[in-house]
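What follows is a set of notes on a single structure, which appears directly below.
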Amino acid sequence: MGLLALMLLVESRRATRPTADGDLVLLADQDRSLWDRALIDEGQATVRECLRRNEPGPYQIQAATNAVHADALSSADTDGWQILALHDQLLVVPPGPVVALNRAVALAEVQGSAAAVAVVDGLDLDGYYLLHAIRADLLARLGRVAESVLAYEQAMALAQNVPERDLLARKRQALTGVR
């Protein structure tokens, strides 16, 4: 049931993930008015049913996280503390460095980028492009532009597909003005 809820909530945003040209659109930049409300309602109802069972697993917790995002009218309206609490639960079921990386993103939203960078820098995920992409974003928020540019370049070198590399290149270019 948790996987079904997660799939419904993820699918509800499908139309807003790419631009018409195929560029990736991050969650914070998606037009939430275009999200499929029927899928969100079904996904949230399924999450509530999972919560009543009180047998949390990774899919149920991920679905609950997506439900919190779906409740917010904008990225700024998202309940960051609730997202962080759900990521804290994910650190237990199942733990791992990618889960910790995702939690660091939530941590940045409520406690700031410096706290998140400290977590990210302690993770053993050097070959994972998202570690470098997230680190680059956090460093940029802190005004550490030169370090951010280097992290974007590391992420681009590790990214597995063109849309991901293009997104990273656009973010780097926004910092440097260089293509």
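The values are calculated or read from the model by the stated rules, or taken from the named source; none is laboratory data. Remember, predicted model here, so these are calculated numbers, not experimental data. All Cβ positions, glycine included, derive from the backbone under ideal geometry; neighbour counts span all protein chains shown. These accessible areas exclude ligands, DNA and RNA; they are computed on the full protein's heavy atoms, side chains included. Shrake-Rupley method; radii C 1.70, N 1.55, O 1.52, S 1.80 Å.
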Exercise for the section: Answer yes if at least one residue in the stretch 25-32 is part of a helix (DSSP H, G or I), more than 18 Å from residue 116 (Cβ to Cβ) and either out of contact with any Lys or Arg (no Cβ under 8 Å at 6 or more places or on another chain) or at pLDDT below 95 (or both), and no otherwise. Expected result: yes
Handout entry: For residue 175: the one exception among (1) modelled with pLDDT of 95 or more; (2) surrounded by 14 or more Cβ atoms within 10 Å (Cβ to Cβ); (3) in a helix (DSSP H, G or I)
Key = (1)
Practice task
Test residue 165 against the stated conditions and say whether it is open to solvent by less than 70 Å² (accessible area, probe 1.4 Å), in a helix (DSSP H, G or I) and basic (Lys, Arg).
Solution key: no
Problem - Which listed residue is over 18 Å from the mean Cα position of the chain (by Cα), over 20 Å from residue 29 (Cα atoms) and among the aliphatic types (A, V, I, L, M), from 162, 149, 117 - result: 149
Problem - Filter result (without any contact (Cβ under 8 Å) to a residue 40 or more places away in the chain and either touching a Lys or Arg at 6+ places or on another chain (Cβ under 6 Å) or closer than 19 Å to residue 134 by Cβ (or both)) within the stretch 1-24 - result: 17
Practice task
Determine, yes or no, whether residue 36 is surrounded by fewer than 21 Cβ atoms within 10 Å (Cβ to Cβ) and either in contact with a helix residue (DSSP H, G or I) (Cβ under 7 Å, 6 or more places away or on another chain) or within 17 Å of residue 15 (Cα to Cα) (or both).
Solution key: yes
Completion exercise
All-but-one check, residue 162 against (1) touching a helix residue (DSSP H, G or I) at 6+ places or on another chain (Cβ under 6 Å); (2) over 19 Å from residue 98 (Cβ atoms), failing number (1)
Fill in the blank from the handout: Scanning the stretch 39-61 residue by residue, the ones that are open to solvent by less than 70 Å² (accessible area, probe 1.4 Å), farther than 21 Å from residue 93 by Cβ and either among the β-branched types (Val, Ile, Thr) or without any contact (Cβ under 8 Å) to a residue 12 or more places away in the chain (or both) total 2
Problem - the stretch 13-24, subset closer than 14 Å to residue 69 by Cβ and open to solvent by less than 50 Å² (accessible area, probe 1.4 Å), residue nearest to the chain's Cα centre (by Cα) - result: 13
Practice task
Count, please, the residues in the stretch 62-84 that happen to be more than 18 Å from residue 11 (Cβ to Cβ) and buried (at least 16 other Cβ atoms within 10 Å of the Cβ).
Solution key: 5
Exercise for the section: Note down all Cβ pairs under 8 Å where the first residue falls in the stretch 166-179 and is without any contact (Cβ under 8 Å) to a residue 24 or more places away in the chain, the second is open to solvent by less than 60 Å² (accessible area, probe 1.4 Å) and of a type in the set (Lys, Arg), and they're at least six residues apart or on different chains. Expected result: 178/172
Completion exercise
Per the filter on the stretch 69-83, residues in a helix (DSSP H, G or I) and within 24 Å of residue 16 (Cα to Cα) are 69, 70, 71, 80, 82, 83
Fill in the blank from the handout: With criteria (1) surrounded by fewer than 15 Cβ atoms within 10 Å (Cβ to Cβ); (2) under 15 Å from the mean Cα position of the chain (by Cα), residue 170 comes up short on (2)
